[in-house]
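Accompanying notes for the structure given below.
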Amino acid sequence: MNENISKAVAGLRPIELADAALFRAALRRQPRVSCECSFTNLFLWGEVYDSCFFEYEGRLFVYSKLEQVLQFPFGPFLPPEKLLEIAGILQETGHTLHGYYDVPDDYLLQFPEVAVLFKVTGSEDYADYLYSVRHLTELTGSRLRKKRNLIKQFHEEYPVHRIEPITTANLELVRCLAGQLNGEQEQSRFIEEENLALERTWLFFDRPELQLEGILLFAGDAPVGFSLYSPLGDGVFDVHFEKADHHHKGAGQVVTQQMAATLNGRAALINREQDLGDPGLRQAKHSLDPLLLYRRSELVMHS
């Protein structure tokens, strides 16, 4: 057993706010636009997925006890043999492990021999949708005509409307709106988990380590939609939560456009995350005319 790896694995610990700079520095050494690489996501969802991490040779390995997977390490690529060795030692220390998640295509191209040591799998359900900030701001082209029409309808129906940046002063309005909208959804494991992550968001919203920003849409004096997001990397922002009251037609489209407008000139890309195989969500994400899909793979351990 490699003593250095064993010592690193023994250092598994929860992800804390104080680790933000560590994670962002590691991501800069090997940039990726995956939403899974967002420190803000890792922290906000950390309790849901029972996540912890360890450091090895300048790389960060995040382990989810709930999903029983290692996230592909932050930092420079390691050869497949080393990934297998690390996974084996994690198993030997009593942790159940299925393999590595969020493996970028670049890694598979650089190390095709990985397919010998692991079973390589993937699904479109877990691809991230990335959009041009400028395109979502301007909403040009025939594919976005319906979005423009819905925004126009919202403006006509609610001539008195406004956008506010989300701050601690209006955060309670956002919290209540999120609770209302999630309460109207068919209850599921995902809604339960999202509610837990949202509670963590309200609790830590103003912590600078999370770099959270947001907008809140009002129709008259009623809050009807919001978006919460943070920088993911150089020129890329990640949308963590975005919701709108669909009883107010066009509210969702206004939020999406205005969120992009706040980033116009500050960023080039917006990551709006995965559709998780939900047909309605997939249609909605494609209807926004994505610039590209960030596809990820999984390295599954051979039994």
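Residue pairs whose Cβ atoms lie under 7 Å apart, separated by 6 or more positions or on different chains, with the first residue in the stretch 274-303 and under 21 Å from VAL120 (Cβ atoms) and the second assigned to a helix (DSSP H, G or I) and of a type in the set (Asp, Glu), are GLN274/ASP125; LEU276/ASP125; GLY277/ASP125; ARG295/ASP105. When SER123 is tested against (1) closer than 21 Å to LEU216 by Cα; (2) at pLDDT below 95; (3) surrounded by 13 or more Cβ atoms within 10 Å (Cβ to Cβ), just one condition goes unmet, and that condition is (1).
Among the residues of the stretch 14-31, write down those that are under 18 Å from PHE204 (Cβ atoms) and either more than 17 Å from the chain's Cα centre (by Cα) or open to solvent by less than 40 Å² (accessible area, probe 1.4 Å) (or both). Spell out how you get there, then give the answer.
Of the stretch 14-31, the ones under 18 Å from PHE204 (Cβ atoms) are 14-24.
Passing the criteria: PRO14, ILE15, GLU16, LEU17, ALA18, ASP19, ALA20, ALA21, LEU22, PHE23.
From the list LEU66, LEU130, LEU78, LEU70, which one is of a type in the set (A, V, I, L, M), in a strand (DSSP E or B) and without any contact (Cβ under 8 Å) to a residue 40 or more places away in the chain? The conditions single out LEU70.
For beta carbons closer than 8 Å, sequence separation of 6+ or different chains, a first residue in the stretch 232-255 that is over 21 Å from ASN182 (Cβ atoms) and of a type in the set (A, V, I, L, M) and a second that is part of a strand (DSSP E or B) and at pLDDT 95 or above, the qualifying pairs are LEU232/ASP238; LEU232/ASN271; VAL236/LEU130; VAL236/ALA267; VAL236/LEU269; VAL236/ILE270; VAL236/ASN271. For the stretch 32-61, filtered to residues that are touching a residue at least 60 places away in the same chain (Cβ under 8 Å), over 14 Å from VAL103 (Cα atoms) and polar (S, T, N, Q), the residue that is most open to solvent (accessible area, probe 1.4 Å) is ASN41. Within the set LEU196, LEU181, LEU212, the sole residue that is in contact with a Phe, Trp or Tyr (Cβ under 7 Å, 6 or more places away or on another chain), surrounded by 11 or more Cβ atoms within 10 Å (Cβ to Cβ) and farther than 14 Å from VAL254 by Cα turns out to be LEU212.
The values are calculated or read from the model by the stated rules, or taken from the named source; none is laboratory data. Note that this is a predicted model, so its numbers are computed, not measured. Neighbour counts are summed over all protein chains in view; Cβ atoms, including those assigned to glycine, are modelled from backbone coordinates with ideal geometry. Only protein heavy atoms, including side chains, enter the accessible area calculation; ligands, DNA and RNA are left aside. Shrake-Rupley method; radii C 1.70, N 1.55, O 1.52, S 1.80 Å.
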